[in-house]
Each structure stands twice: as structure tokens, then as C-alpha cells.
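Participant: First the structure, which I've put down as C-alpha cells, then a few questions once you've had a look.
The values are calculated or read from the model by the stated rules, or taken from the named source; none is laboratory data. All figures in this text were calculated on a predicted structure; none of them were measured in a lab. Cβ sites come from the backbone with ideal geometry, for glycine too, and all protein chains shown count toward neighbours. Heavy atoms of the whole protein, side chains included, go into the accessibility calculation; ligands, DNA and RNA do not. Shrake-Rupley method; radii C 1.70, N 1.55, O 1.52, S 1.80 Å.
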Amino acid sequence: MTAPRYDVLAIGNAIVDVISDADDAFLEAQGLDKASMRLIDEAEAERLYGLMGPGREASGGSAGNTAAGLAALGIKTAFIGQVADDQLGGIFAHDIRSLGVAFDTPARGDVGATARCLILVTSDAQRTMNTFLGAAQMLSPDAIDLDAVRDAGILYLEGYLWDPEVPRAAMEAAIAAAREAGRKVAFTLSDTFCVDRHRDGFHRLLDERKVDILFANEAELAAMTGESDFEAGLAALSAKVPVLAVTRSEQGAVAVSRTERASVPAEPIERLVDTTGAGDLFAAGFLAGQARGLGLEASLRLGAIAAAEVIQHYGARPEADLKALAGDLL
């Protein structure tokens with residue numbers, strides 16, 4: 001097998017994050033459930049955007065955040081996602097490339113507006129997300145650079161993109177190409193609502209042995225397995241995938257393979273500011289470890305370090321030097 005051109009290639013929703021402070025009264029006035037994620041249409045996106053306070057805009061999306069974290073850790077990374085030929089599409093492309101991530105998916109003028117996620121952060125560091133998927137859900141199989149997929153050591157996919165039929169077909173084409181090339185496939189369950197909508201499809205991926213590394217949090221683990229007991233859920237899901245990594249917020253994270261189990265505590269932090277991107281950056285650290293051939297414990301530690309960094313400031317992208325924080329782990 002040839003050496004990969006990329007260590008990790010991520011496929012996901014190409015979304016521009018707009019992050020703004022808000023108080024509980026604003027959330028209540030808009031009928032928003034704190035810490036939830038809802039899908040909205042373009043009209044609602046424009047309405048809510050007009051009511052938000054000053055915000056910061058940056059390329060986002062779950063897998064895009066993970067790609068940014070991987071690049072910050074010195075991992076050769078590429079991203080595939082669909083943007084429109086509009087102002088936000090240009091912002092997304094420039095921003096993710098500036099981070100060192102290869103992004104070559106052509107913008108399109110026939111897919112509506114570029115996706116955006118309006119993120120309202122309250123003083124308790126909870127984020128309430130309002131997502132207009134727009135062009136992101138129009139990622140077609142034709143947009144997948146299968147040569148790049150075959151040239152990546154690990155293909156990383158987000159569950160959020162499994163919802164619309166067109167990008168689901170694109171991801172299945174990418175999985176097939178990766179398997180044929182003998183590469184690894186990593187998948188994140190993304191959210192309990194994704195699990196609730198696509199539980200059967202996700203289990204089919206696992207049963208057909210199409211996933212090598214699976215990411216979940218405690219709630220997603222319970223939703224996938226129907227087990228309220230953590231250990232029972234872990235045993236049930238780890239039997240279906242070579243490597244399972246589960247985050248447990250302040251309780252750290254656990255990973256299980258066929259021959260090994262490891263756990264790490266959460267990294268200490270000075271101040272919790274914004275939990276946006278914590279799971280995405282955990283995946284970045286863990287995948288960095290796996291791409292470098294490290295064991296489960298070292299990969300978990302890298303994940304915990306990356307997640308701890310990102311929750312101490314606004315936004316889902318690392319601001320400190322992740323390579324320096326990783327020290328001799330990488």
C-alpha cells in the first residue's frame with residue numbers, strides 16, 4: 001500500500017459559524033431551548049441573524065472543526081464539503097485553507113446559499129445552535145474526489161451529513177473507495193437526534209464492518225444501544241466496531257478496541273467559556289494519535305487536551321498551540 005497523501009480526509013457539512021453572546025431572556029423570547037440544536041430554513045436564519053448581537057464568523061461544521069484541529073496538530077488533513085458561490089462560501093474556503101487544510105471542493109451557484117450555524121452562547125457556557133444547512137446538504141457523489149479518499153490514511157465522516165439523501169450517497173461512495181484502498185473509516189454519531197433518525201442505518205454501517213473507529217458521547221451511546229447503564233452500552237457497541245471512543249464530559253473519555261481498554265480524566269481547565277466544538281476537537285486529537293500509530297490511552301489524552309483547549313474560549317477552533325500542548329505525545 002502506498003503512503004497516504006493525507007493522514008486524514010474529513011467529509012462534512014461546510015458551515016460558517018456565527019457566534020454571539022445571548023442571555024436566557026433572549027432564548028426564551030425566541031422560543032429556543034438552551035443547549036439544543038435545531039435546523040432552520042433560510043428565512044429563519046436571516047430573521048435570527050438580524051436579532052443577534054455582534055458575532056464572529058469562521059468556517060465551521062463538525063467535521064470541518066475536526067479537520068482544523070488535526071491541521072493544528074500537524075496532521076496532513078483535507079476536507080470535502082459543499083459551499084455556494086456566495087460571500088459566506090468564500091469566507092468558508094479562505095478560512096479553512098488558511099488553517100492548513102486542503103479544500104478543493106468547487107463552489108456551486110445552483111445549490112442555494114452557503115450553510116450557516118447561528119450559535120448563541122450564554123454565561124454558563126452553554127451553546128444553542130440554529131443551523132441552516134443550505135448548500136451543505138447538496139454535496140453530491142460527483143463532488144467527492146475519490147482519488148483523494150483513496151490517498152488518505154483515515155476517512156472521517158460526520159453523522160450530521162447522513163440526514164439528507166444526496167450527501168448520504170456521497171459518503172457511501174467515499175466509504176466504498178476507502179475500503180477498496182484498504183484505508184480506515186472513522187465515523188462520529190454527532191448528536192442524539194441523528195441517532196434517533198438513523199439508528200438502523202448507523203447499525204447497518206457497523207454490521208457491514210464499514211467503520212473502523214466510532215465516536216460517541218454518553219447520550220449517543222445510550223441512544224444507539226437502548227442501554228441506560230454506561231458499561232452495558234459500552235459493551236454492546238464496542239462489540240460491533242474495532243475501536244470505540246466515548247466522551248463523558250467532565251468524567252473524561254473511554255476507548256475500547258478488540259484487545260485493549262483505556263480511559264483518561266478530563267484535562268484541567270482554568271475557566272469554562274464555550275463548549276462549542278468540544279467533541280469535534282476531541283475527535284481531532286484522537287484521530288491524530290491513531291494516524292501516528294499511537295495506542296488508545298495516548299490518543300485519548302490528545303483528544304482530552306484538544307477538547308480542553310477549545311472550551312476555554314469562544315468558538316470551535318483552537319487558539320493555543322495544540323502541538324505545544326500535546327508535548328511529546330506526538
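Participant: Just checking, how many residues over region 52-70 are open to solvent by 40 Å² or more (accessible area, probe 1.4 Å) and either touching a His at 6+ places or on another chain (Cβ under 7 Å) or farther than 29 Å from A326 by Cα (or both)?
Facilitator: 2
Participant: Another question, then. Return the residues of region 255-293 that are farther than 25 Å from E208 by Cβ, part of a strand (DSSP E or B) and open to solvent by less than 20 Å² (accessible area, probe 1.4 Å); say none if nothing qualifies.
Facilitator: A262, V264 - these are the residues of region 255-293 that are farther than 25 Å from E208 by Cβ, part of a strand (DSSP E or B) and open to solvent by less than 20 Å² (accessible area, probe 1.4 Å).
Participant: Read through the list (1) under 20 Å from S98 (Cβ atoms); (2) modelled with pLDDT of 95 or more; (3) not basic (K, R), then give the number of the only condition that L300 fails.
Facilitator: With respect to (1) under 20 Å from S98 (Cβ atoms); (2) modelled with pLDDT of 95 or more; (3) not basic (K, R), L300 is out only on (1).
Participant: What is the residue count in region 170-201 for residues that are without any contact (Cβ under 8 Å) to a residue 60 or more places away in the chain, part of a helix (DSSP H, G or I) and closer than 18 Å to A10 by Cβ?
Facilitator: Going through region 170-201 one residue at a time, the tally reaches 8.
Here is a yes/no grid of residues against (1) of a type in the set (S, T, Y); (2) buried (at least 24 other Cβ atoms within 10 Å of the Cβ); (3) over 24 Å from A174 (Cα atoms); (4) under 17 Å from the mean Cα position of the chain (by Cα):
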site	(1), (2), (3), (4)
A72	no, yes, yes, yes
S98	yes, no, yes, no
C117	no, yes, yes, yes
T122	yes, no, yes, no
Q137	no, no, no, yes
L146	no, no, no, no
D151	no, no, no, no
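Participant: Only one residue in A284, A307 is modelled with pLDDT of 95 or more and in contact with a Pro (Cβ under 9 Å, 6 or more places away or on another chain), so which one is that?
Facilitator: A284
Participant: Out of D24, D85, I need the residue that is charged (D, E, K, R) and under 25 Å from A125 (Cβ atoms). Which one?
Facilitator: Checking each option against the conditions leaves just D24.
Participant: Every residue in region 226-254 that is in contact with a helix residue (DSSP H, G or I) (Cβ under 6 Å, 6 or more places away or on another chain), in a helix (DSSP H, G or I) and surrounded by fewer than 21 Cβ atoms within 10 Å (Cβ to Cβ), please.
Facilitator: A236
Participant: Looking at (1) at positive phi; (2) in contact with a Leu (Cβ under 7 Å, 6 or more places away or on another chain), can you tell me which one G277 breaks?
Facilitator: Only one criterion in (1) at positive phi; (2) in contact with a Leu (Cβ under 7 Å, 6 or more places away or on another chain) is unmet by G277, namely (2).
Participant: Can you tell me how many residues in region 153-169 are aliphatic (A, V, I, L, M) and either crowded, with 23+ Cβ neighbours inside 10 Å or under 24 Å from A3 (Cα atoms) (or both)?
Facilitator: 4
Participant: Here is a follow-up. So in region 297-330, with the set limited to residues that are open to solvent by 30 Å² or more (accessible area, probe 1.4 Å) and acidic (D, E), which one is farthest from the chain's Cα centre (by Cα)?
Facilitator: D328
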